[in-house]
Every structure is written in C-alpha cells, then in structure tokens.
Amino acid sequence: MTTKSKTFDCVEMKNRIQAAIQVEYEAHRAEFPSFVEFVKAAAAQSEYARTMRRKFGGAETHAGASLPR
C-alpha cells in the first residue's frame with residue numbers, strides 16, 4: 001500500500017484562519033466589549049452559522065448583533 005503525500009498542512013491552515021480572525025477583531029476591538037461578543041456578532045451574520053443552529057437546535061443569534069463591514 002502506498003501513502004499519499006499531504007497536499008496541505010491542517011495546522012498551518014488553522015493558524016492562518018485564527019490570525020485572520022484576530023486581525024479583524026483588532027480592527028473592530030473598540031466596538032465590542034470582548035472577543036466572545038465579536039465572534040457572536042460575526043456568527044450572527046453568517047448564513048452557514050444560522051443554518052447550523054437551526055439544524056442542530058442551538059440558540060438563536062442575538063437580535064441586533066452586527067459586525068461592521
């Protein structure tokens with residue numbers, strides 16, 4: 001049995017995504033009392049997050065939560 005070479009590095013991808021989220025948070029830090037509130041606002045704008053909440057019965061997004069663009 002031959003092994004396949006990895007075409008991407010999962011850890012590098014995770015680190016890159018986390019760095020991008022941190023940069024976006026730092027740009028809007030004054031608008032949110034905490035990182036958690038920033039993440040909640042971002043999720044409230046995400047159609048994917050709303051769909052997953054409906055699918056798995058999670059809490060609804062906060063009304064009025066918004067992430068500036």
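Read the figures in this text as sums done on the coordinates, not as results from a lab. Note that the structure is a prediction, hence the values are computed from the model and not measured. All Cβ positions, glycine included, derive from the backbone under ideal geometry; neighbour counts span all protein chains shown.
Explain nothing, just compute: Karplus ³J(HN,Hα) = 6.51 cos²θ - 1.76 cosθ + 1.60, θ = phi - 60°, for every residue of the stretch 30-36 in order, whole Hz, x for Gly and Pro.
5, 8, 10, x, 7, 4, 4
Calculate the spin-label point distance for H28 paired with R53, positioning each point 7 Å from the Cα along the beta-carbon direction, and give it in nanometres.
1.4
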